[in-house]
Amino acid sequence: MDRSQKADAVAQLNAAFQDVGVVVVTRNLGLTVDQSTELRGKMREAGASYKVAKNRLAKLALKDTDYTGLEEFLSGPTALAWSEDPVAAAKTAVEFAKSNDKLEIVGGSMGTQVLDEAGVKALASMPSLDELRGKLVGLVNAPATKVAQVVNAPANKLARVFGAYGASEAA
């Protein structure tokens, strides 16, 4: 990479870090190209991004962001995963690391809150934003459904009584 390409890479990473909810640092211990491609695909499906970046350039990109605490994790063969959803990148990275021992979770950050490996795993165990929205919609709809059932119950009982009365007269 020449100097202008490095400057562009730092600017792109810095712009990405300005808009995300979580950044996860992973250590690659010999991932193959196919495994990296599979991980990137899973990250895209979850709405996250995954990038292998030079540690020096990543440290430059972290400056003037909320994620400056991640610099301590950037040593050796590392890669960064990030997403706007605070759970998506962590969940995808942890699930992939469970099935592949060549990917290690080093740490992460949610804004200014730096997380160690256990913190990232705890974050990954939380429900995603979409799951929480689904539960909230279910909770909001549940009372309406119960009200409709209570209102319809007397009419249903009355209809059954008339049906039974009609059947007994016919017999």
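The values are calculated or read from the model by the stated rules, or taken from the named source; none is laboratory data. As the structure is a prediction and not an experimental result, all values here were calculated from the model. Glycine also receives a Cβ, built like all others from the backbone with ideal geometry; neighbour counts cover every protein chain displayed. Accessible surface is based on the protein model in full, side chains and every heavy atom, while ligands, DNA and RNA are left aside. Shrake-Rupley method; radii C 1.70, N 1.55, O 1.52, S 1.80 Å.
Of note:
- Cross-chain or 6+ apart pairs with Cβ under 8 Å, segment 2-21 first and open to solvent by 20 Å² or more (accessible area, probe 1.4 Å), then of a type in the set (Val, Ile, Thr): Asn14/Thr65; Gln18/Thr65
- Total residues in segment 53-73 satisfying the condition of being closer than 14 Å to Ala16 by Cα and of a type outside the set (Gly, Ala, Ser): the figure is 10.
- Subset of segment 112-136 (residues that are within 15 Å of the chain's Cα centre (by Cα) and open to solvent by less than 70 Å² (accessible area, probe 1.4 Å)): Gly119, Val120, Ala122, Leu123, Ala124, Pro127, Ser128, Gly134
- Boolean, Val120 is of a type in the set (Val, Ile, Thr), at pLDDT below 75 and in a helix (DSSP H, G or I): no
- Filtering segment 71-92 for residues that are more than 22 Å from Met126 (Cβ to Cβ), among the aliphatic types (A, V, I, L, M), surrounded by fewer than 21 Cβ atoms within 10 Å (Cβ to Cβ) and at pLDDT below 90 leaves an empty set.
- The one condition in (1) at pLDDT below 90; (2) farther than 21 Å from Val10 by Cα; (3) open to solvent by less than 20 Å² (accessible area, probe 1.4 Å) that Leu103 fails to fulfil: (1)
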